[in-house]
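A.B. asks: Pasting a structure below so you can have a look.
The values are calculated or read from the model by the stated rules, or taken from the named source; none is laboratory data. Quick caveat, the model's predicted, so the values are computed rather than measured. Counting neighbours? That spans all protein chains shown, and the Cβs are built from the backbone with ideal geometry, glycine included.
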Amino acid sequence: MTVAIVAEALTPDEPTRDIYFEVKKRGLPVRYIPIQRLSVKMSNDRVSVETRRGPLEASTVVIRGLGYVIDSNTFMRRVSVLRILERSGVSTINSVDALLSCRNKLETIYLLAKAGLPVPPTVVTEDLYYGYMAAKEMGKVVLKPIQGSRGFGAMLFDDPEQAFQVMRTLLIAKNPLYIQKYVEKPNRDIRIIVVDKRPIGCMYRVSTSWKTNIAQGATGVPCKITPELEDLAVKATETLGLVYSGVDIGEGREGYVVFEVNASPDWRGFKQATGINPAVYLADYIQRITKK
Ligand SMILES: Nc1ncnc2c1ncn2[C@@H]1O[C@H](COP(=O)(O)OP(=O)(O)O)[C@@H](O)[C@H]1O
Ligand SMILES: [Mg+2]
């Protein structure tokens, strides 16, 4: 086998199936494997990553997900298994390091800011008083789970006292506080998919909610990409070390801001809006790098 695609679901989701079929079309042997079926076997002179069928023997592994509702032991194991594959010379898309940087919204914003890319003012803390003072200073704030996607769990507050009560509750439940100034924006944001340094398409996500995720009911509308947006999306993707990504960009009053960069973007809405299937571009890349 040459290409393996890994994620948590027992049945692959649509983007994963898109990748599978596009890779197959190019004549490369491909297999989908739930991550919980990847085991490691070790002895003094040998380490191998195996499934029930035996050694994996893939030269490229596309990692579509590490799992969502997951405890730290299982998470650690999965990360180690994938890192063992990387150390044995397997190409991973995206790399474990890049996946971890994007999964952790603190790390994402830090890396983007350090690279000089525009991000919303953000405070991340476990200190309730510090968080409260930040919310007071910022005015309208968004609280987000430090690991999150699809807009799930993100909350908007006009009132720092309400934010305080929720922050206190979050801390009791062992959730660090990710507090971000609300960026006044039109009823949409911009989603750009980048594959191998190339922005392959762009859409507005138009919504009646401040959260413009498709999963929150937003509608994808094609958007003309400008050189400025292209540059921002490609730089954000490179900064996070990703081969392919979905970049979320807000149109703030003072210019664009990057909300986050998705390392395993869902693209059902994007395909519908633009007619572009990112898997075609990704499979071309996989074909170029994969040893038969
Ligand atoms: N600071 C903010 N100001 C205004 N809107 C925001 C802010 N943060 C997030 N949003 C809105 O919520 C959506 C989801 O936030 P995002 O950071 O992309 O997290 P998720 O991983 O849940 O998609 C964004 O696409 C954007 O529309
Ligand atoms: Mg997002």
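A.B. asks: Name the pairs whose Cβ atoms lie under 7 Å apart, with the first residue in the range 246-266 and within 18 Å of Tyr110 (Cβ to Cβ) and touching a residue at least 24 places away in the same chain (Cβ under 8 Å), the second more than 10 Å from ligand 1 (Cβ to nearest atom) and part of a loop (DSSP other than H, G, I, E, B), and 6 or more positions between them or separate chains?
C.D. replies: Val257/Pro118; Val258/Leu117; Val258/Pro118; Val261/Leu240; Val261/Leu242; Ala263/Asn94; Ala263/Leu242
A.B. asks: Also, I was wondering about something else. Based on this model, can you work out whether Leu106 counts as over 19 Å from Leu282 (Cβ atoms) and in contact (Cβ under 8 Å) with a residue 40 or more places away in the chain?
C.D. replies: Yes, satisfied.
A.B. asks: Out of all the residues in the range 9-23, which are surrounded by fewer than 16 Cβ atoms within 10 Å (Cβ to Cβ) and closer than 21 Å to Leu85 by Cβ?
C.D. replies: Ala9, Leu10
A.B. asks: OK, next. Give Gly246, Gly252 a once-over and let me know the one that is among the small types (Gly, Ala, Ser) and away from ligand 2 (no atom under 13 Å from the Cβ).
C.D. replies: Selected residue: Gly252, the only one of Gly246, Gly252 that is among the small types (Gly, Ala, Ser) and away from ligand 2 (no atom under 13 Å from the Cβ).
A.B. asks: Is one or more of the residues making up the range 170-191 at pLDDT 95 or above, of a type in the set (Phe, Trp, Tyr), within 14 Å of ligand 1 (Cβ to nearest atom) and in contact with a Lys or Arg (Cβ under 6 Å, 6 or more places away or on another chain)?
C.D. replies: Yes: the range 170-191 contains one or more residues that are at pLDDT 95 or above, of a type in the set (Phe, Trp, Tyr), within 14 Å of ligand 1 (Cβ to nearest atom) and in contact with a Lys or Arg (Cβ under 6 Å, 6 or more places away or on another chain).
A.B. asks: Moving on to the next point. List pairs: first in the range 207-236 and in contact (Cβ under 8 Å) with a residue 60 or more places away in the chain, second assigned to a loop (DSSP other than H, G, I, E, B) and more than 12 Å from ligand 1 (Cβ to nearest atom), Cβ under 7 Å, 6+ apart or cross-chain?
C.D. replies: From residues that are in contact (Cβ under 8 Å) with a residue 60 or more places away in the chain, the pairs are Leu232/Leu117; Lys235/Ala115; Lys235/Leu117; Ala236/Leu117.
A.B. asks: How many residues are crowded, with 16+ Cβ neighbours inside 10 Å, out of contact with any strand residue (DSSP E or B) (no Cβ under 6 Å at 6 or more places or on another chain) and among the polar types (S, T, N, Q) if we restrict to the range 57-103?
C.D. replies: Matching residues across the range 57-103 total 4.
Yes/no matrix, rows are residues, columns are (1) touching a strand residue (DSSP E or B) at 6+ places or on another chain (Cβ under 6 Å); (2) under 27 Å from Gly139 (Cα atoms); (3) not small (Gly, Ala, Ser):
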| site | (1), (2), (3) |
| --- | --- |
| Tyr182 | yes, yes, yes |
| Arg191 | yes, yes, yes |
| Arg198 | no, no, yes |
| Arg205 | yes, yes, yes |
| Ser209 | no, yes, no |
| Gly250 | yes, yes, no |
| Arg253 | no, yes, yes |
| Ala273 | yes, no, no |
| Asp284 | no, no, yes |
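A.B. asks: Do any residues in the range 3-32 that are at pLDDT below 95 have Cβ atoms under 8 Å from those of residues that are acidic (Asp, Glu) and surrounded by 14 or more Cβ atoms within 10 Å (Cβ to Cβ), where the two are at least six apart or on different chains, and which pairs are they?
C.D. replies: Pairs that qualify, where the first residue is at pLDDT below 95 and the partner is acidic (Asp, Glu) and surrounded by 14 or more Cβ atoms within 10 Å (Cβ to Cβ): there are none.
Condition check ((1) among the polar types (S, T, N, Q); (2) touching a Cys at 6+ places or on another chain (Cβ under 9 Å)) across all residues:
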{"site": "Ala163", "(1), (2)": "no, no"}
{"site": "Arg168", "(1), (2)": "no, no"}
{"site": "Tyr178", "(1), (2)": "no, no"}
{"site": "Tyr182", "(1), (2)": "no, no"}
{"site": "Asn187", "(1), (2)": "yes, no"}
{"site": "Ile200", "(1), (2)": "no, no"}
{"site": "Ile214", "(1), (2)": "no, no"}
{"site": "Lys224", "(1), (2)": "no, yes"}
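A.B. asks: Take residues that are buried (at least 17 other Cβ atoms within 10 Å of the Cβ) and within 16 Å of ligand 1 (Cβ to nearest atom) and tell me which of the helices (runs of 4 or more DSSP H) falling wholly in the range 219-292 contain 2 or more.
C.D. replies: 227-239, 268-274
A.B. asks: Among (1) within 15 Å of ligand 1 (Cβ to nearest atom); (2) out of contact with any Lys or Arg (no Cβ under 8 Å at 6 or more places or on another chain); (3) without any contact (Cβ under 8 Å) to a residue 12 or more places away in the chain, which single condition is Arg150 missing?
C.D. replies: Tallying (1) within 15 Å of ligand 1 (Cβ to nearest atom); (2) out of contact with any Lys or Arg (no Cβ under 8 Å at 6 or more places or on another chain); (3) without any contact (Cβ under 8 Å) to a residue 12 or more places away in the chain, Arg150 fails exactly one: (3).
A.B. asks: Anything in the range 195-211 that is among the aliphatic types (A, V, I, L, M) and either at positive phi or away from ligand 2 (no atom under 16 Å from the Cβ) (or both)? List them, or say none.
C.D. replies: Val195, Ile200
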